[in-house]
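Asker: This is the structure I have questions about; it appears just below.
The values are calculated or read from the model by the stated rules, or taken from the named source; none is laboratory data. What you are looking at is a predicted structure, and each value in this text was computed from that prediction instead of being measured. Heads up, the Cβs are rebuilt from the backbone with ideal geometry, glycines too, and the neighbour counts pull from every protein chain shown. Please note that ligands, DNA and RNA were not included when accessible areas were found on the heavy atoms of the full protein model with its side chains. Shrake-Rupley method; radii C 1.70, N 1.55, O 1.52, S 1.80 Å.
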Amino acid sequence: MAPRYYWKGYLKLSLVTCPVAMTPATSESEKVRFHTLNKATGNRVVSRYVDSVTGKPVKDENEAKGYARGENDYVILTEDDLDRVALDTVKTIDIEKFVPADSIEWTYLEKPHYLMPDDPVGNEAFAVIRDAMKADKVFGVSKLVMGRRERAVILEPRDEGIVLWSLRFGDEVRPEDSYFEDIDEEADPDLVPLVQKLIKLKTAHWSPEMTSDPIQTSLLKLIEEKRKALKPKKTAKSKSSEAAPKSNVVNIMDALRKSVEADLKGRKAG
């Protein structure tokens, strides 16, 4: 089955151009999703656009975008109006500049997409741009229209392809100084070696399993149980939780030492 692409256009660097295709690198299709039902009848609840004054449903062909100038005062824009202001970046990723790969602040990274050649003729041009960025350890900076808004994007060479990251707008990223200014600048030097020892014990190679969703797993199990049973079984009431400790204040030095000791014992037992 041929892959379905989210976007097709051209990758351009000066006079070098090649046709490319792009698809999101992430997917939410596997998530558990629910429909809203009428509990009394079991039928699905349907949402629809209704005129706020007349209360009557609005047909699809009568829907339009409106920009509010004041209370109940709108400038109406049709699809034709929106198409007329479309930019060249709707179909072209023109690399304007390059930045060191380690200079991108992660808070600006929004969503990754896989970018690949869309025609065998363009493979060589694509590969040249990709490998040159790899050799110089830089990312390309460009712009692309996504969801009718022009977004800044960066191009990261990865393996045989390129990962295109859409970037958040500057006003969407909160400055960290106002949140971190009251935190101690230096930690207790006697505690740092203990944390480093704990870090070393807990260090492992990255695995996608580290991002598993236990709630999703529990939901799927619950749905399967309900599917099999005509009536849900009554569950016994849970016992009252144990009394909370008298104090939540712990000695950080003791806690770190116990953590290291527990990890060491666990490794010896394994």
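Asker: Would the range 147-166 turn up any residue that is among the basic types (Lys, Arg), open to solvent by 80 Å² or more (accessible area, probe 1.4 Å), under 21 Å from PRO24 (Cα atoms) and within 17 Å of the chain's Cα centre (by Cα)?
Answerer: No, there is no match, as no residue in the range 147-166 is among the basic types (Lys, Arg), open to solvent by 80 Å² or more (accessible area, probe 1.4 Å), under 21 Å from PRO24 (Cα atoms) and within 17 Å of the chain's Cα centre (by Cα).
Asker: Which of the residues spanning the range 44-82 are assigned to a loop (DSSP other than H, G, I, E, B), within 30 Å of GLU110 (Cβ to Cβ), of a type outside the set (A, V, I, L, M) and touching a strand residue (DSSP E or B) at 6+ places or on another chain (Cβ under 9 Å)?
Answerer: TYR49, THR78
Asker: Right, here's the next one. Do the conditions hold for THR41, that is, is it assigned to a helix (DSSP H, G or I), open to solvent by less than 90 Å² (accessible area, probe 1.4 Å) and out of contact with any strand residue (DSSP E or B) (no Cβ under 8 Å at 6 or more places or on another chain)?
Answerer: no
Asker: Just the residues that are without any contact (Cβ under 8 Å) to a residue 40 or more places away in the chain and surrounded by 12 or more Cβ atoms within 10 Å (Cβ to Cβ), please, taken from the range 214-225.
Answerer: LEU222 - this is the single residue of the range 214-225 that is without any contact (Cβ under 8 Å) to a residue 40 or more places away in the chain and surrounded by 12 or more Cβ atoms within 10 Å (Cβ to Cβ).
Asker: Would you confirm, using the coordinates I've provided, whether PHE126 is open to solvent by 70 Å² or more (accessible area, probe 1.4 Å), hydrophobic (A, V, I, L, M, F, W, C), in contact (Cβ under 8 Å) with a residue 12 or more places away in the chain and within 15 Å of PRO157 (Cβ to Cβ)?
Answerer: In short, no.
Asker: Okay, next question. Inside the range 1-30, can you point out the residues that are open to solvent by 80 Å² or more (accessible area, probe 1.4 Å), of a type in the set (Lys, Arg) and not in a loop (DSSP other than H, G, I, E, B)?
Answerer: Within the range 1-30, LYS8 is the sole residue that qualifies.
Asker: Something else about it: Can you confirm whether the range 24-40 contains a residue that is more than 30 Å from GLN216 (Cα to Cα), within 31 Å of the chain's Cα centre (by Cα) and not small (Gly, Ala, Ser)?
Answerer: There is no residue in the range 24-40 that is more than 30 Å from GLN216 (Cα to Cα), within 31 Å of the chain's Cα centre (by Cα) and not small (Gly, Ala, Ser).
Asker: Quick check on my filter: what residues within the range 219-234 are over 20 Å from ARG33 (Cα atoms) and either at pLDDT 75 or above or of a type in the set (Asp, Glu) (or both)?
Answerer: Answer for the range 219-234, where residues must be over 20 Å from ARG33 (Cα atoms) and either at pLDDT 75 or above or of a type in the set (Asp, Glu) (or both): just ALA229.
Asker: OK, next. Listed residues ARG69, ARG48, ARG33, ARG84; which is loosely packed, with under 11 Cβ neighbours inside 10 Å, modelled with pLDDT under 90, touching a Pro at 6+ places or on another chain (Cβ under 6 Å) and farther than 28 Å from ASP119 by Cβ?
Answerer: The match here is ARG48.
Asker: Please work out which one of (1) buried (at least 18 other Cβ atoms within 10 Å of the Cβ); (2) aromatic (Phe, Trp, Tyr); (3) more than 15 Å from PRO157 (Cβ to Cβ) is the condition TYR108 fails and give its number.
Answerer: If we test TYR108 against (1) buried (at least 18 other Cβ atoms within 10 Å of the Cβ); (2) aromatic (Phe, Trp, Tyr); (3) more than 15 Å from PRO157 (Cβ to Cβ), just (1) comes out false.
Asker: Pairs, please: C-beta under 9 Å, at least 6 apart or cross-chain, first residue under 18 Å from LYS258 (Cα atoms) and in the range 175-203, second of a type in the set (Lys, Arg)?
Answerer: Here the result reads LEU194/ARG257; LEU201/ARG267, each pair linking the range 175-203 to a residue that is of a type in the set (Lys, Arg).
Asker: Okay, moving on. Test each condition in (1) open to solvent by 60 Å² or more (accessible area, probe 1.4 Å); (2) without any contact (Cβ under 8 Å) to a residue 24 or more places away in the chain for SER207 and report the one that comes out false.
Answerer: Going through (1) open to solvent by 60 Å² or more (accessible area, probe 1.4 Å); (2) without any contact (Cβ under 8 Å) to a residue 24 or more places away in the chain one by one, SER207 breaks only (1).
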